[in-house]
1. Over all distinct Cα pairs, what is the inverse of the mean 1/r for segment A:32-181, reported as the Kirkwood hydrodynamic radius in Å?
2. Label point 7 Å out from residue B:237 along Cα-to-Cβ: which residues of segment B:58-87 have amide N under 20 Å?
3. Once both axes come from the Cα atoms, what is the angle between helix A:60-72 and the longest principal axis of chain A, in degrees from 0 to 90, rounded to 10?
4. Using a simple spin-label model with points 7 Å from Cα along the Cα→Cβ vector, what separation in nm is obtained for residue A:186 and residue B:114?
5. Hey, what angle do you get for helix B:187-203 against the long axis of chain B, alpha-carbon based, 0 to 90 degrees rounded to 10?
6. Among A:194, A:212, A:175, whose Cα lies farthest out toward the positive end of the dipole of segment A:159-221, if unit charges sit on the beta carbon of Lys, Arg (+1) and Asp, Glu (-1)?
7. Rounded if a/c is under 1.5, else prolate if a/b beats b/c, else oblate: with a ≥ b ≥ c from the C-alpha gyration tensor eigenvalues square-rooted, which is the protein assembly as shown?
8. Can you give the angle from 0 to 90° between the axis of helix B:118-136 and the longest principal axis of chain B, with both taken from C-alpha atoms, to the nearest 10?
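A short reminder: the numbers here are calculations on the coordinates, not readings from a lab. From a predicted model like this one, the values you see are computed outputs, not experimental measurements. Cβ atoms come from the backbone with ideal geometry, glycine included; neighbour counts cover every protein chain shown.
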2 protein chains.
Amino acid sequence: MVEPIPIRGGDAPEKARRPGRAPAGPYLYAALRDQIVRAELAPGERLSEAELGERLGVSRTPIREALGRLRDDRLVEVRPQIGTFVARISPAAVSDAQFIREALECTAVRLAAELADEESMAQLEENLRAQERATERIDIDSWQLLDDTFHRSLCDLSGHPAVWPVNERAKSHLIRLRRLSLSMPDYLPTMVAAHRTVADAVGRHDPDAAEASLREHLRAVLREVPRIREQHPDYFEEP
Amino acid sequence: MVEPIPIRGGDAPEKARRPGRAPAGPYLYAALRDQIVRAELAPGERLSEAELGERLGVSRTPIREALGRLRDDRLVEVRPQIGTFVARISPAAVSDAQFIREALECTAVRLAAELADEESMAQLEENLRAQERATERIDIDSWQLLDDTFHRSLCDLSGHPAVWPVNERAKSHLIRLRRLSLSMPDYLPTMVAAHRTVADAVGRHDPDAAEASLREHLRAVLREVPRIREQHPDYFEEP
DNA sequence: GTCCGACCGCTTGTATACTAGTATCCACGC
DNA sequence: GCGTGGATACTAGTATACAAGCGGTCGGAC
């Protein structure tokens, strides 16, 4: 998560908020990606390079760097000489992202179940308690951060730190869906319970159970697609 | 594979070889990536943005776009105000790439074994025969193309076309190793035989056998790491 | 009223100019 | 001879200027 920046709304350049010397490209990428997956930038919305640069207080060059990476992630669609647009949700892209996420996380969690030590399990447990507190407060933003950390911890426990960045980029489309799913009242408690099931299996060093419960958990979001599509038909690709 | 361009050597601008209107960034990315994984650009070698632009007949802007993507792939290391260098081979990055490749391809091949039809199997068979011919001719370049196509076909048969691009970017480090492994005399026949074993399992609609044989095949390259490191110690990260 | 066409504005892609910071190398002092 | 300091030549990051192409709009002809 990065410092939220008012891409729409505020007119004053926001340059001051960013540390002066750090390259702007990666920062802008993270900021724009965050706004897209949080659906603060709506699917189909136009993104003007010049306007973004003006609002954020930078020139088009670092903006283009960020948009290029977002294009690689298929989160924006760049049509030369026409414009850049927030990608609409593509059921095929969602399905592909689900496949990649399942493959990476389920393989990782098997290794995690074999390798997890006491300290790692204590950290998972602490995260789970925080998730429960966030659920009681119905604090969706905090919970999403904790959810991200939880899944990342499972990945990192496999001993392959490069897996998470790949997974993160691939699963953007799923996060976007999740954001739209969160209106369901009992969504959060269900998710937290599923997390605990996975963590228990990892703690028992039971790879099969860990993989199975994680796979089941990951597929929950996917089942929401038809309902979301019904609620927000304009967010989806026209077939 | 892209049209090879003489990044070193030729002094004349090479712009004419590229179709005039297509954006140059993706083209340059593919070209540079190809040269790096083929070890034509040696690990540790300096890549000057200005010099590359001059040799290839474009300005620094598209060069920087290509280098940015290569940095995301960890194929180049950009040190601000110092320079851009071809990344040395990192055993950790290789291990991570192996994990990602195994997870994606082995999961995909299970689906492929379930979904493959007669036509797909015929295409695989045709590819295998071409591999055998390339092996007889000891035509390494052709075989590498066919190998790429073979693995891509297995991925695509899963019905998730977005998986291959992710896999391709992740496995760059492994391809680079493979290139250095090819001096082994019986390397090619062994690989082709392994491919046939995998294809047979897919044809029998046997996901377990397909996954197991593919996993074994993918790990073959990894076993070459110590030998390659002994032969080219300067290509590896200093620990 | 309707349709066709030229023009204008805006878009992305590319090239170039400028900024700030690093390493190297050479001259100078000791 | 050796160590040190500064000028210099490079680097990547950023800003700006230019080129090329698409789309919408407005005006005129039928």
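1. Computed over Cα pairs of segment A:32-181, the Kirkwood hydrodynamic radius comes out at 17.1 Å.
2. It comes to B:68-80, B:82-87, nothing else.
3. Orientation of helix A:60-72: about 40 degrees from the principal axis.
4. 2.8 nm
5. For B:187-203 against chain B, the angle is about 50 degrees.
6. A:175
7. oblate
8. The angle comes out near 60 degrees.
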